[in-house]
């Protein structure tokens, strides 16, 4: 879910014109394989997504796919503690804020 918030915020700050809610959905769906333990492409095929959303989530294509890839790179760098010194501090702060948002949501449950 943190990835979804990162994608949403990246879209808000981008000049790409990607709607923030669409970026959130793409970020959320990009983790569906890990979240549900399913084959991502098969699962997403059942959802009848638009071609561009499917291509972004499954193949990393188009501008939306680039947002997902960037969010994933930051996520991996933080979790694996790899190359953090070379990570843009704004991206690191954005990711950590997103994690805080997720924690706050779970605290409401």
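Assorted remarks:
- One residue stands out in the range 49-78 among those that are over 13 Å from residue 22 (Cβ atoms) and out of contact with any helix residue (DSSP H, G or I) (no Cβ under 9 Å at 6 or more places or on another chain): the one that is surrounded by the fewest Cβ atoms within 10 Å (Cβ to Cβ), namely 51.
- Among the candidates 28, 44, 70, 64, residue that is more than 12 Å from the chain's Cα centre (by Cα), part of a helix (DSSP H, G or I) and within 18 Å of residue 1 (Cβ to Cβ): 44
- Residue count for the range 73-92, restricted to those that are within 15 Å of the chain's Cα centre (by Cα) and more than 17 Å from residue 11 (Cβ to Cβ): 5
- Filtering the range 10-20 to residues that are touching a helix residue (DSSP H, G or I) at 6+ places or on another chain (Cβ under 7 Å) and part of a helix (DSSP H, G or I) leaves 10, 11, 12, 20.
All of the numbers you see were taken from the coordinates with simple rules; none came from a lab. Please read all numbers here as calculations on a predicted model, not as lab measurements. Virtual Cβ from ideal backbone geometry, glycine too; neighbours counted across all protein chains shown.
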